[in-house]
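Input: a single structure, listed below in structure tokens.
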Amino acid sequence: ALADLMTFAKPIAKALEKVVSCKRIGMSVIGLEVPHVHIHLVPMNSADDVNFTRPELKPSAEELSQMAGQIKAALAAPV
């Protein structure tokens, strides 16, 4: 259910806010390109940051791993 997705996404969005320099975390629920629904949590500084027609960012595996570690640490930190 949508409520369960939101409950799951909220702490992850809060952790992202701690790790990524942005004004807020945007959320988009999309299920067009794949046969399931999933949530995109997008660090935003303007509404254009959730424009999915823009070129995709290409972070390295090392950058992704580092960010994943930072998000995990933020999730584990006391509120």
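The values are calculated or read from the model by the stated rules, or taken from the named source; none is laboratory data. Because the structure is predicted, anything quoted here is derived from the model rather than measured. A quick note on method: Cβ atoms are made from the backbone with ideal geometry, for glycine too, and the neighbour counts reach across all protein chains shown. For accessibility, only protein heavy atoms count, side chains too; no ligands or nucleic acids. Shrake-Rupley method; radii C 1.70, N 1.55, O 1.52, S 1.80 Å.
For (1) open to solvent by 60 Å² or more (accessible area, probe 1.4 Å); (2) touching a residue at least 40 places away in the same chain (Cβ under 8 Å); (3) in a helix (DSSP H, G or I), each residue gets a yes or a no:
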position: A3; (1), (2), (3): yes, no, yes
position: T7; (1), (2), (3): yes, no, yes
position: I12; (1), (2), (3): no, yes, yes
position: E17; (1), (2), (3): yes, no, yes
position: C22; (1), (2), (3): no, no, no
position: V42; (1), (2), (3): no, no, no
position: T53; (1), (2), (3): yes, no, no
position: I71; (1), (2), (3): no, yes, yes
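Among (1) polar (S, T, N, Q); (2) in a strand (DSSP E or B); (3) more than 15 Å from the chain's Cα centre (by Cα), there is one condition S28 misses while meeting the rest; what is its number?
(3)
Collect the residues in segment 1-57 that are of a type in the set (S, T, Y), under 25 Å from G69 (Cα atoms) and modelled with pLDDT of 90 or more, keeping them in residue-number order. Show your work before the answer.
As a first pass, look at segment 1-57 and keep what is of a type in the set (S, T, Y): 7, 21, 28, 46, 53.
Adding the requirement that they be under 25 Å from G69 (Cα atoms) leaves 7, 21, 28.
Within segment 1-57, T7, S21 meet the criteria.
Considering only residues that are in a helix (DSSP H, G or I) and open to solvent by 60 Å² or more (accessible area, probe 1.4 Å), look in segment 55-69 and name the one that is nearest to T7 (Cα to Cα).
Here the residue is M67.
Do you know which residues across segment 24-40 are open to solvent by less than 80 Å² (accessible area, probe 1.4 Å) and either closer than 14 Å to A74 by Cβ or of a type outside the set (A, V, I, L, M, F, W, C) (or both)?
Kept after step one, since they are open to solvent by less than 80 Å² (accessible area, probe 1.4 Å), are these residues of segment 24-40: 25-26, 28-31, 34, 38-40.
Passing the criteria: I25, G26, S28, G31, H38, H40.
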